[in-house]
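Trainee: Before I ask anything, let me first share the structure, which is written out below as structure tokens.
The values are calculated or read from the model by the stated rules, or taken from the named source; none is laboratory data. This one's a predicted model, so the numbers in the text were calculated from it and none came from an experiment. For neighbour counting, all protein chains shown are included, and Cβ atoms are generated from backbone atoms with ideal geometry for every residue, glycine included.
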Amino acid sequence: MRRATICGAGIAGLTLAWWLTRDGWTVTLVERAPGPRGEGYLMDFFGSGYDVAERMGLLPTLTDRASPVDELVHLSPSGRRTGGLRYAAMTGVLGGRVLSLLRGDLESALRTVQKTPPRYGVSVAAAVPRGDRVDVELTDGTRHTADLLVGADGIHSRIRELVFGPEARFLRPLGFRTASYLFDDPDLAAWLGTRFAVIAAPGRQAGVYPTGRGGLAASLIHRTPPAARRIGSSGTGPPLAALFAGLGDTAARVLARCPAGPGLYDDCVAQVEMTSWTRGPVTLVGDAGYAVSLMAGQGASLAMGGAWLLAHHLAARPGDVPAALSAYQAEMLPFTRRKQLSGRRAAAWMVPSTRRRLRLRDRLMSIGDLPGGVALLRPLMATTAAGLPALTAVPRTGNIHGHE
Ligand SMILES: Cc1cc2nc3c(=O)[nH]c(=O)nc-3n(C[C@H](O)[C@H](O)[C@H](O)COP(=O)(O)OP(=O)(O)OC[C@H]3O[C@@H](n4cnc5c(N)ncnc54)[C@H](O)[C@@H]3O)c2cc1C
């Protein structure tokens, strides 16, 4: 029986655990958090992630949990509409194969289909590759030898640090920080309806949208000067309310609900760039190895796509883990490089630094709502949403690895 240890029970780790268990591996899935995490932000879920979810039979559950948001509206701090986009335009361009999901809902859907539950409150303390196997010590003091160790532990990966080197060598900050949190405000929710409202000024923007359960979620992004491109999580910078002051009444109301500590996601916006993320029987999947950042808008999708691709190559080469990992990396690395490049290009427009660029961004954003605008968006979105070639080549149901 082949044994795999996966560090991190997020989107990539849960997806990989499902595929490996299905293929007969004994899987140990460890997660640092003390229990399932509900916090999250809204993600546009399309491309490879959508394709993998379909092959896992998850689409009915995910469609059920999809967010009610149907329009993005851009507002000035005084509340004037400056641009926007109906989601139907984007859905149409992607042939209906897109969902708006809270990250926590995707994670919970992946969790409910697991045969082996994650071990919460446990991480990897040490990992020593020895030939084609790896000695693993967990933080609960237990040790074992695995045929495969996968770091699926996100942008600040512990496995990457243990096996490949310090974070600073691989993290490419894009010059922004982002924060998000869930909160309740029935009056604001009634005013918002099914819209995702974004209030922008040069270099910063505050967004608010309904979660679908009567609650709201905040999404804050601001540019950081190069010297302040701090890496790491919450609590290290000036208070968010000060950073987003002057964006008008709605933004102030959203900021007033910002929690301190638990429930607040606050981190730098960064990509992970590695020339190799495989060493012997150790590899990385998802943000740990190739984070594209929220600017590319498909990190969860690539986490699921990569997990599937890794399982696909392992199933194709049952006796040779290192060869399977090399094949996975050879296919995934150039694919993620293209997505990272398009993410960096999008970053210039996501939070414009001047009023002129802000106006231009809002005009471009509204193209989809103009007659013929969808036709203009189609080639752009087709490139953005392009899925893994190996995945698009296999049927959506049945022979799911394409080589059995
Ligand atoms: C604001 C924002 C908006 C985004 N929007 C989108 C979008 O629209 N579409 C999209 O597809 N993606 C989006 N993303 C990106 C997406 O959320 C990530 O790319 C995706 O979650 C990556 O999945 P992952 O499993 O690799 O990492 P994560 O989801 O971060 O999961 C990593 C897991 O590992 C655990 N972990 C961390 N360290 C350890 C350790 N030492 N030991 C054990 N466990 C550990 C963590 O607790 C976590 O559970 C967005 C991200 C942000 C921040």
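Trainee: Would you confirm, using the coordinates I've provided, whether GLY10 is on the phi > 0 side of the Ramachandran plot and modelled with pLDDT of 95 or more?
Mentor: Here the answer is no, as GLY10 does not meet what is asked.
Trainee: Enumerate the strands (runs of 3 or more DSSP E) found wholly within the range 172-226, keeping only those where 3 or more residues are of a type outside the set (A, V, I, L, M) and out of contact with any Pro (no Cβ under 8 Å at 6 or more places or on another chain).
Mentor: Correct list: 204-210, 216-223.
Trainee: To continue, here is another question. Would it be correct to say that LEU42 is within 12 Å of the ligand (Cβ to nearest atom) and closer than 30 Å to ALA189 by Cα? If you could, list the steps in order and put the result at the bottom.
Mentor: Numbers: within 12 Å of the ligand (Cβ to nearest atom): yes; closer than 30 Å to ALA189 by Cα: yes.
Criteria met by LEU42.
Trainee: Only one residue in LEU29, LEU20, LEU16 is over 26 Å from GLY297 (Cβ atoms), touching a residue at least 12 places away in the same chain (Cβ under 8 Å) and near the ligand (Cβ under 10 Å from one of its atoms), so which one is that?
Mentor: Unique residue meeting the criteria: LEU29.
Trainee: Regarding ARG160, is this residue among the charged types (D, E, K, R), surrounded by fewer than 18 Cβ atoms within 10 Å (Cβ to Cβ) and farther than 16 Å from PRO322 by Cα?
Mentor: Numbers: among the charged types (D, E, K, R): yes; surrounded by fewer than 18 Cβ atoms within 10 Å (Cβ to Cβ): no; farther than 16 Å from PRO322 by Cα: yes.
Against the criterion (among the charged types (D, E, K, R), surrounded by fewer than 18 Cβ atoms within 10 Å (Cβ to Cβ) and farther than 16 Å from PRO322 by Cα), ARG160 does not qualify.
Trainee: Take the range 10-54 and flag every residue that is closer than 25 Å to PRO318 by Cβ and not in a helix (DSSP H, G or I).
Mentor: ASP23, GLY24, TRP25, THR26, VAL27, THR28, LEU29, VAL30
Trainee: In the set LEU333, LEU310, which member is part of a helix (DSSP H, G or I), within 16 Å of the ligand (Cβ to nearest atom) and either surrounded by fewer than 22 Cβ atoms within 10 Å (Cβ to Cβ) or of a type in the set (D, E, K, R) (or both)? Reasoning before the result, please.
Mentor: Details: LEU310 fails: either surrounded by fewer than 22 Cβ atoms within 10 Å (Cβ to Cβ) or of a type in the set (D, E, K, R) (or both).
Going through LEU333, LEU310 in turn, just one is part of a helix (DSSP H, G or I), within 16 Å of the ligand (Cβ to nearest atom) and either surrounded by fewer than 22 Cβ atoms within 10 Å (Cβ to Cβ) or of a type in the set (D, E, K, R) (or both): LEU333.
Trainee: Same structure again: Among the listed residues VAL27, VAL69, which satisfies the condition of being among the hydrophobic types (A, V, I, L, M, F, W, C) and either at pLDDT below 95 or within 20 Å of the chain's Cα centre (by Cα) (or both)?
Mentor: Working: VAL27 fails: either at pLDDT below 95 or within 20 Å of the chain's Cα centre (by Cα) (or both).
Result of the check over VAL27, VAL69: VAL69.
Trainee: Being polar (S, T, N, Q) and buried (at least 23 other Cβ atoms within 10 Å of the Cβ), is that true of even one residue in the range 248-256?
Mentor: The answer is no, given that none of the residues of the range 248-256 is polar (S, T, N, Q) and buried (at least 23 other Cβ atoms within 10 Å of the Cβ).
Trainee: Next question. Can you name every residue in the range 268-286 that is buried (at least 20 other Cβ atoms within 10 Å of the Cβ) and either part of a strand (DSSP E or B) or within 16 Å of the ligand (Cβ to nearest atom) (or both)?
Mentor: Those that are buried (at least 20 other Cβ atoms within 10 Å of the Cβ) and either part of a strand (DSSP E or B) or within 16 Å of the ligand (Cβ to nearest atom) (or both): CYS268, VAL269, ALA270, GLN271, VAL272, TRP277, THR278, VAL282, THR283, LEU284, VAL285, GLY286.
Trainee: Here are ARG103, ARG37, ARG55, ARG80: which of them is at pLDDT 90 or above and either over 21 Å from GLY306 (Cα atoms) or exposed (fewer than 15 other Cβ atoms within 10 Å of the Cβ) (or both)? Spell out how you get there, then give the answer.
Mentor: Working: ARG103 fails: either over 21 Å from GLY306 (Cα atoms) or exposed (fewer than 15 other Cβ atoms within 10 Å of the Cβ) (or both); ARG37 fails: at pLDDT 90 or above; ARG55 fails: either over 21 Å from GLY306 (Cα atoms) or exposed (fewer than 15 other Cβ atoms within 10 Å of the Cβ) (or both).
Selected residue: ARG80, the only one of ARG103, ARG37, ARG55, ARG80 that is at pLDDT 90 or above and either over 21 Å from GLY306 (Cα atoms) or exposed (fewer than 15 other Cβ atoms within 10 Å of the Cβ) (or both).
Conditions (1) within 16 Å of the ligand (Cβ to nearest atom); (2) of a type in the set (Phe, Trp, Tyr); (3) modelled with pLDDT of 90 or more, marked per residue:
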| residue | (1), (2), (3) |
| --- | --- |
| LEU171 | yes, no, yes |
| ARG177 | yes, no, yes |
| ALA190 | no, no, yes |
| ALA241 | no, no, no |
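Trainee: Between ALA303, ALA348, ALA296, which is assigned to a helix (DSSP H, G or I), of a type outside the set (D, E, K, R) and surrounded by 16 or more Cβ atoms within 10 Å (Cβ to Cβ)? Quick ask: steps written out before the conclusion?
Mentor: On the way: ALA348 fails: surrounded by 16 or more Cβ atoms within 10 Å (Cβ to Cβ); ALA296 fails: assigned to a helix (DSSP H, G or I).
When all the criteria are applied, what remains is ALA303.
Trainee: If you don't mind, there's one more thing I want to ask. Sort out which residues of the range 260-272 are in contact with a Leu (Cβ under 9 Å, 6 or more places away or on another chain) and either small (Gly, Ala, Ser) or over 13 Å from MET332 (Cβ atoms) (or both), and write them in order of number.
Mentor: Passing the criteria: GLY263, LEU264, ASP266, CYS268, VAL269, ALA270, GLN271.
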